[in-house]
Amino acid sequence: TSGPCAGRKGGHKGRARQYTSPEEIDAQLQAEKQKAREEEEQGEEGGDGAAGDPKKEKKSLDSDESEDEEDDYQQKRKGVEGLIDIENPNRVAQTTKKVTQLDLDGPKELSRREREEIEKQKAKERYMKMHLAGKTEQAKADLARLAIIRKQREEAARKKEEERKAKDDATLSGKRMQSLSLNK
């Protein structure tokens with residue numbers, strides 16, 4: 001086994017090699033083409049949409065058995081797990097759910113943070129409604145402050161008005177005096 005082909009795949013000593021003749025290869029190719037044509041014709045006549053794909057046709061014919069095979073295929077395990085049966089009562093088999101089986105309308109469990117955040121927002125909204133209605137302590141203090149400021153502004157406006165009237169009276173009386181002194 002120390003030749004140039006040592007360690008490579010191939011040549012067992014006592015086995016005779018088999019060669020396929022070109023005629024046999026041509027015959028196999030023609031048979032495959034003929035089979036493909038027949039399947040296409042059957043697909044066109046049947047109209048089930050699986051034309052030209054023998055695997056799909058086979059799967060559609062054996063639909064009862066394919067469900068069992070799919071379950072086995074999904075539970076195919078890696079490595080040694082496939083050889084040993086494990087009976088662990090705590091192990092939960094993962095099942096894939098179809099979109100139709102998902103329950104999106106049902107009530108969803110919220111995390112503690114999400115719940116607290118929602119409660120905080122609701123409390124803030126309640127406070128703002130109470131504040132706008134004037135029922136909170138801060139709103140009462142604000143309204144009292146606004147009332148005081150309003151009174152101060154009214155008093156300031158009244159004083160200004162009185163000063164302006166006094167000024168107008170003073171200018172009018174001053175003009176009368178001038179006009180009287182000019183008329184003499």
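A few notes on this one:
- Gyration tensor (alpha-carbon) shape descriptor, the range 111-183, a/c threshold 1.5: prolate
- Backbone phi angles across the range 15-24, fed through the Karplus curve with coefficients 6.51, -1.76 and 1.60 (θ = phi - 60°), yield HN-Hα couplings of 8, 7, 7, 10, 10, 8, 7, x, 5, 5 Hz in residue order; Gly and Pro are listed as x.
- Element breakdown for the range 111-183 at a 1.4 angstrom probe: carbon and sulfur atoms account for 54% of the accessible area.
- Zone residues, the range 120-158, relative to LEU110, backbone N less than 19 Å from point 7 Å out along Cα-to-Cβ: 120-129
- Largest first, the residues THR96, THR136, THR20 sort by 1.4 Å accessible area into THR96, THR20, THR136.
- Extension gain (nm, one decimal) between ILE84 and ARG37, 0.36 nm per residue minus Cα-Cα: 12.3 nm
The values are calculated or read from the model by the stated rules, or taken from the named source; none is laboratory data. Owing to the predicted nature of the structure, the values given are computational and were not obtained by experimental measurement. Backbone-built Cβ (ideal geometry, glycine too); neighbour counts: all protein chains shown. When the accessible area is computed, the model is the full protein with side chains, heavy atoms only, and any ligands, DNA or RNA have been set aside. Shrake-Rupley method; radii C 1.70, N 1.55, O 1.52, S 1.80 Å.
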